[in-house]
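Q: To start, I am sharing the structure in question, which I have written as structure tokens.
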Amino acid sequence: MESKFKELFQFEGKVSFKEAFPLALQHVIAMIAGCVAPALIFADAAGLSHADSIILVQMALIGSALTSFLMLYPIGILGSKLPMIYGVAFPYVPTMIALCGQFESLGPEGIVAVVLGSQLIGAIVSIVFGLALKYITPFFPPLVSGTVVLAIGLTLYPVAITNMGGAGSVMAPGWGAWQYWLVGIITLLVNVGLNHFGKGITKLASVLFAMVVGYIIAFFFDMVDLSPVREAGWLSVAAPLHFGIKFEPSAIISFVIIFMVTCIEGIGDMSSTTIGGMDRNPTDDELRGGIVGFGVANVIGAFIGCLPTATFSQNVGIVSVNKVINRRVFFQAGLIILIAGFMPKISSLLTTIPAPVVGGATLSVFAAITMNGIRMITEQPLTVRNTSIVGIAIAIGFGFTTIVTTAESAGITFMPEALKNAIGVSPVVLAALTSILMNVMIPETDADKKQGSTLEEVLEG
């Protein structure tokens, strides 16, 4: 192989714009739909105006780019100096949607303020998590983390299906019309088809291409209103604290748990990046810097209005496949994302994507999240202890929240409002707490442990 191409496989290698740009664009295409969709889903659930929805999408892109830059160009202990892309992530969506119902009285902007306030505290906890990494990870083995990820995936399914029916709520006018279902199903089928039978960029960016096909079909069904795009400016950005920040204890508890799980997933993605792209395990400094940098980036995100970010596994997968780890490639990818965030025309166009298209395109993404949880769980032997922890945690998480919802619909109150908001709204929170407690209380035998390297051993180098 010519020497100039070998530079692509070196983090500090010198490559030209022409060489790096196609590879950078590939990373953008792989992440853009997954980054924008959570903001769109949350904006719809919160009832934000179109203008505020555009701002939420803009800040999602800007915050994602800034987080990625911090990882590529560390400042002291902040940043991993690894070739990775970060973006606004789906694991937070179920809790954010639950908060929309809990704090409806605050209005759309008030709901966003509650989310950003909870994010701020969760991010600070993440910083502490990174600094005390070796002492905290024993409480989050793959069995516990996998259970939480599984719960997140299962909770997201109704979100996708409801969107396929026409909107984020079954109470929306016209919800359930056949045209909506048709667009949603076609989008889903295109996504699945490209993911299994596509090649190259069509396979890697199957979600994006599916959304393009669904968008075109939805346009002919008169589901797309482009007037806001014509009215949007070419260059602008919202002032910091546009939505404000509000602290609600029940919301904070939920976000702290999800942030800690996201830190564990981040360790997994950083390990996959170094093992798949660099043929080595990550160093202690890289893991610590990645987690601390992630926390600091989300603190900043809370003030500028960017929803919580996380590592993007699809981009990690690209690195594992093509072995390209050059920093200039990832810098260009971040720059493209940043420019898109500063241009309301682009952000406004993204907000015109109809709900059935978002639902059909993201259903397989949610399925992938669920399967990631299952894979993490099955890294451990499926012994009586391990299966009991997973099964009971999922049963309590989903069973209890279902009962709370049913009782509330019947006008029955059986627990304090604050406690209900903390553990009775999102199955993820109760499943996480149950799995953590059971894992600590039930003794682990040699038969229950994974054979081979543990996370603690990786951290010890």
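For (1) β-branched (V, I, T); (2) surrounded by 24 or more Cβ atoms within 10 Å (Cβ to Cβ); (3) modelled with pLDDT under 90; (4) within 18 Å of I300 (Cβ to Cβ), each residue gets a yes or a no:
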{"site": "G47", "(1), (2), (3), (4)": "no, no, yes, no"}
{"site": "A51", "(1), (2), (3), (4)": "no, no, yes, no"}
{"site": "G63", "(1), (2), (3), (4)": "no, yes, no, yes"}
{"site": "L66", "(1), (2), (3), (4)": "no, no, no, yes"}
{"site": "Y73", "(1), (2), (3), (4)": "no, no, no, yes"}
{"site": "S80", "(1), (2), (3), (4)": "no, yes, yes, yes"}
{"site": "I85", "(1), (2), (3), (4)": "yes, yes, yes, yes"}
{"site": "Y92", "(1), (2), (3), (4)": "no, yes, yes, yes"}
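Q: What residue, among those in region 253-310 that are within 16 Å of I136 (Cβ to Cβ) and open to solvent by 20 Å² or more (accessible area, probe 1.4 Å), is modelled with the lowest pLDDT?
A: Among residues in region 253-310 that are within 16 Å of I136 (Cβ to Cβ) and open to solvent by 20 Å² or more (accessible area, probe 1.4 Å), the one modelled with the lowest pLDDT is G268.
Q: P240 - would you say it is under 20 Å from the mean Cα position of the chain (by Cα) and open to solvent by 20 Å² or more (accessible area, probe 1.4 Å)?
A: Details: under 20 Å from the mean Cα position of the chain (by Cα): no; open to solvent by 20 Å² or more (accessible area, probe 1.4 Å): yes.
Spelling it out, it is not the case that P240 is under 20 Å from the mean Cα position of the chain (by Cα) and open to solvent by 20 Å² or more (accessible area, probe 1.4 Å).
Q: Here is a follow-up. Residues of region 196-224 being in a helix (DSSP H, G or I), crowded, with 18+ Cβ neighbours inside 10 Å and at pLDDT 70 or above, which ones? Show your work before the answer.
A: Our first condition is that a residue be in a helix (DSSP H, G or I); within region 196-224, this holds for 196-197, 201-204, 206-220.
Next, only the ones that are crowded, with 18+ Cβ neighbours inside 10 Å stay: 204, 206-211, 213-215, 217-218.
Of everything in region 196-224, those that are in a helix (DSSP H, G or I), crowded, with 18+ Cβ neighbours inside 10 Å and at pLDDT 70 or above turn out to be S206, V207, L208, F209, A210, M211, V213, G214, Y215, I217, A218.
Q: A further question follows. Does region 110-119 contain any residue that is in contact (Cβ under 8 Å) with a residue 24 or more places away in the chain and open to solvent by 20 Å² or more (accessible area, probe 1.4 Å)? Reasoning before the result, please.
A: The initial filter retains those residues of region 110-119 that are in contact (Cβ under 8 Å) with a residue 24 or more places away in the chain, namely 110-119.
Then keep just the ones that are open to solvent by 20 Å² or more (accessible area, probe 1.4 Å); that gives none.
Looking through region 110-119, none of the residues is in contact (Cβ under 8 Å) with a residue 24 or more places away in the chain and open to solvent by 20 Å² or more (accessible area, probe 1.4 Å).
Q: Which ones in region 120-149 are in contact (Cβ under 8 Å) with a residue 60 or more places away in the chain and not hydrophobic (A, V, I, L, M, F, W, C)?
A: G122, S126, G130, K134, T137, P138, P141, P142, S145, G146, T147
Q: For region 168-189, how many residues meet the condition of being assigned to a loop (DSSP other than H, G, I, E, B) and surrounded by fewer than 24 Cβ atoms within 10 Å (Cβ to Cβ)? Lay out the reasoning, then the answer.
A: Step one: filter region 168-189 for residues assigned to a loop (DSSP other than H, G, I, E, B), giving 168-177.
From the residues that got through so far, the ones that are surrounded by fewer than 24 Cβ atoms within 10 Å (Cβ to Cβ) too are 169-177.
Total meeting the criteria: 9.
Q: If the requirement is being within 23 Å of Y157 (Cβ to Cβ) and surrounded by fewer than 24 Cβ atoms within 10 Å (Cβ to Cβ), which of these qualifies: T378, T362, T352? Break it down into steps so the answer makes sense when it comes.
A: Values: T362 fails: surrounded by fewer than 24 Cβ atoms within 10 Å (Cβ to Cβ); T352 fails: within 23 Å of Y157 (Cβ to Cβ).
Result: T378 is the single residue among T378, T362, T352 that is within 23 Å of Y157 (Cβ to Cβ) and surrounded by fewer than 24 Cβ atoms within 10 Å (Cβ to Cβ).
Q: Something else about it: Got a sec? Which helices (runs of 4 or more DSSP H) wholly within region 43-157 have at least 3 residues that are closer than 15 Å to I257 by Cα and not aliphatic (A, V, I, L, M)? Break it down stepwise before answering.
A: Numbers: elements: 50-72, 93-102, 107-131, 133-136.
Those helices (runs of 4 or more DSSP H) span 107-131.
Q: Would you please name the residue that is farthest from A98 (Cα to Cα), looking only at residues in region 382-393 that are out of contact with any helix residue (DSSP H, G or I) (no Cβ under 6 Å at 6 or more places or on another chain) and surrounded by 14 or more Cβ atoms within 10 Å (Cβ to Cβ)? Show your work before the answer.
A: Within region 382-393, the first condition is being out of contact with any helix residue (DSSP H, G or I) (no Cβ under 6 Å at 6 or more places or on another chain), and the residues that meet it are 382, 384, 387-388, 391-392.
Now restrict to residues that are surrounded by 14 or more Cβ atoms within 10 Å (Cβ to Cβ): 387, 392.
Details: T387: 28, I392: 22 Å.
Taking the candidates together, the pick is T387.
Q: Then there is this: Please go through region 395-418 and give me each residue that is open to solvent by 50 Å² or more (accessible area, probe 1.4 Å) and part of a helix (DSSP H, G or I), ordered by number. Please lay out each step first, then the result.
A: Keep residues of region 395-418 that are open to solvent by 50 Å² or more (accessible area, probe 1.4 Å), which gives 395-396, 398, 400, 402-403, 405-406, 408-414, 416-418.
A395, I396, F398, F400, T402, I403, T405, T406, E408, S409, E417, A418, listed by residue number.
Q: Please list, ordered by first then second residue, the pairs with beta carbon atoms under 8 Å, 6 or more apart or interchain, first in region 16-27 and in contact (Cβ under 8 Å) with a residue 24 or more places away in the chain, second β-branched (V, I, T) and buried (at least 20 other Cβ atoms within 10 Å of the Cβ).
A: Pairs that qualify, where the first residue is in contact (Cβ under 8 Å) with a residue 24 or more places away in the chain and the partner is β-branched (V, I, T) and buried (at least 20 other Cβ atoms within 10 Å of the Cβ), are A20/V329; L23/V324; L23/V329; A24/V329; Q26/I318; H27/I85; H27/I318; H27/V329.
Q: Of all residues in region 225-237, count the ones that are more than 23 Å from V28 (Cβ to Cβ) and either surrounded by 18 or more Cβ atoms within 10 Å (Cβ to Cβ) or acidic (D, E) (or both).
A: Here the count works out to 2.
Q: Another question, then. Take the residues in region 146-167 that are hydroxyl-bearing (S, T, Y) and more than 15 Å from the chain's Cα centre (by Cα), then tell me which one is most open to solvent (accessible area, probe 1.4 Å). It would help to see each step written out before you state the result.
A: Looking only at region 146-167, we keep the residues that are hydroxyl-bearing (S, T, Y), and these are 147, 155, 157, 162.
With more than 15 Å from the chain's Cα centre (by Cα) added as a condition, the list becomes 147, 162.
Details: T147: 0, T162: 32 Å².
Checking each candidate, the answer is T162.
Q: Among residues belonging to region 243-252 that are open to solvent by less than 70 Å² (accessible area, probe 1.4 Å) and of a type outside the set (D, E, K, R), point out the one that is farthest from P344 (Cα to Cα).
A: So in region 243-252, the residues open to solvent by less than 70 Å² (accessible area, probe 1.4 Å) come out as 243-245, 248, 250-252.
Retained after the next criterion (residues that are of a type outside the set (D, E, K, R)): 243-245, 250-252.
On the way: F243: 17, G244: 21, I245: 23, S250: 34, A251: 30, I252: 31 Å.
Here the residue is S250.
Q: Do any residues in region 371-388 that are within 11 Å of K450 (Cβ to Cβ) have Cβ atoms under 6 Å from those of residues that are among the hydroxyl-bearing types (S, T, Y) and at pLDDT below 85, where the two are at least six apart or on different chains, and which pairs are they?
A: Matching pairs, first to second residue: M376/S145.
Q: Could you list all residues from region 342-360 that are at pLDDT 75 or above and either charged (D, E, K, R) or closer than 16 Å to F42 by Cα (or both)?
A: Listed by number, the residues that qualify are K345, T352, I353, P354, A355, P356, V357, V358, G359.
Q: Before we move on, is T445 farther than 27 Å from V114 by Cα and open to solvent by 70 Å² or more (accessible area, probe 1.4 Å)? Talk me through it step by step, then tell me what you get.
A: Details: farther than 27 Å from V114 by Cα: yes; open to solvent by 70 Å² or more (accessible area, probe 1.4 Å): yes.
In short, yes.
The values are calculated or read from the model by the stated rules, or taken from the named source; none is laboratory data. A quick note: this is a predicted structure, and the numbers were derived from the prediction, not measured. Cβ sites come from the backbone with ideal geometry, for glycine too, and all protein chains shown count toward neighbours. Remember, those area values only see protein heavy atoms, side chains included, never the ligands or the DNA or RNA. Shrake-Rupley method; radii C 1.70, N 1.55, O 1.52, S 1.80 Å.
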